[in-house]
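The values are calculated or read from the model by the stated rules, or taken from the named source; none is laboratory data. What you are looking at is a predicted structure, and each value in this text was computed from that prediction instead of being measured. Cβ placement follows ideal geometry from the backbone for every residue including glycine, while neighbour counts extend to all protein chains displayed. Remember, those area values only see protein heavy atoms, side chains included, never the ligands or the DNA or RNA. Shrake-Rupley method; radii C 1.70, N 1.55, O 1.52, S 1.80 Å.
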Amino acid sequence: MFEKERDLYLNRHGFEGMHLKAVLFDMDGVLFDSMKNHAEAWHKAMTSLGFDFPKAEAYMHEGRTGAGTINLISQRQWHRDATEEEKERIYKLKSDLFNALPTAEPMPGAWELLQQLKEDSITPILVTGSGQQSLLERLNKHFPDTFHQELMVTAYDVKYGKPNPEPYLIGQKKGKLEKYEGMVVENAPLGVEAASKAGLFTVAVNTGPLPDDVLWNAGADVLLHSMTELSEKWEALRECLQQ
Ligand code: MG
């Protein structure tokens with residue numbers, strides 16, 4: 001089912017085959033249905049400070065660190081970099097607004113997929129731009145004994161963040177993986193770009209409002225429309241990526 005996509009990936013990188021050992025998961029919009037809340041919180045925080053920031057923009061910035069997003073908006077509107085103090089203050093405002101919203105539910109299909117990984121002895125690795133403790137704690141609550149601290153990359157581990165390949169390269173290193181031993185699951189264009197630039201096989205799940213083309217153009221190897229669809233097609237995908 002996925003042979004064509006796999007072969008295109010192998011040819012591009014000059015690898016002889018895939019030997020899938022680990023899946024690197026983004027968190028927001030992949031494991032949790034949290035992007036609506038992030039969009040709402042960014043919009044409220046930024047407009048309260050006089051910035052122009054429509055909700056839809058949050059989906060285009062998704063994956064950047066909070067500080068990175070704040071700096072871009074500062075450059076756009078103030079024509080200068082944000083100071084460290086501004087970055088901290090605005091990100092705290094955004095996080096407080098986010099935490100006041102109803103808690104985001106796990107993405108349908110995510111738990112099932114993680115169970116399938118467990119049965120197949122495939123290691124899950126977390127690679128998120130988020131530094132929000134609330135979501136990281138919820139990760140362990142909803143997916144207990146699944147993601148281990150030493151196999152997590154968060155906003156605290158990175159210097160550049162997505163779309164720089166850095167977070168996925170750190171994830172690859174933490175998992176002690178060759179590139180052809182990993183696969184990424186991402187929903188955001190900047191995340192897909194980061195994963196693809198890191199040289200990893202990248203499955204985009206389009207769980208938000210952006211058109212599919214944005215994810216294809218960012219470098220997705222495979223595009224699906226939900227975590228449920230990925231769970232349903234997991235067996236076929238795994239078999240294809242283990243030969
Ligand atoms: Mg995401």
Worksheet, complete the sentence: When N37 is run through (1) under 17 Å from P163 (Cβ atoms); (2) among the polar types (S, T, N, Q); (3) within 16 Å of the ligand (Cβ to nearest atom), the failure sits at (1)
Fill in: Residue that is nearest to T47 (Cα to Cα) [pool: residues in segment 62-93 that are within 16 Å of the ligand (Cβ to nearest atom) and of a type outside the set (V, I, T)]
G66
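Checking the conditions here, which among V205, V185, V153 is open to solvent by less than 30 Å² (accessible area, probe 1.4 Å) and at pLDDT below 95?
Exactly one of V205, V185, V153 is open to solvent by less than 30 Å² (accessible area, probe 1.4 Å) and at pLDDT below 95, namely V153.
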Worksheet item: Restricting to segment 79-102, what's the tally of residues that are in a loop (DSSP other than H, G, I, E, B), surrounded by 13 or more Cβ atoms within 10 Å (Cβ to Cβ) and not charged (D, E, K, R)?
Response: 2
Fill in: Matching option when the condition is of a type in the set (F, W, Y) and within 16 Å of the ligand (Cβ to nearest atom), among Y59, Y9
Y59
Response to the item:
Across (1) modelled with pLDDT of 95 or more; (2) in contact with an Asp or Glu (Cβ under 8 Å, 6 or more places away or on another chain), K94 clears everything bar (2)
Worksheet, complete the sentence: Taking first residues from segment 74-90 that are in contact (Cβ under 8 Å) with a residue 24 or more places away in the chain and second residues anywhere that are part of a helix (DSSP H, G or I) and open to solvent by 90 Å² or more (accessible area, probe 1.4 Å), the pairs with Cβ under 6 Å that are 6 or more apart or on different chains are none
Discussion item. Between a residue in segment 117-141 that is within 16 Å of V158 (Cα to Cα) and touching a residue at least 24 places away in the same chain (Cβ under 8 Å) and any residue that is aromatic (F, W, Y) and open to solvent by 60 Å² or more (accessible area, probe 1.4 Å), which pairs come within a Cβ distance under 9 Å, given they are 6 or more apart or on different chains?
Written reply: G131/Y156
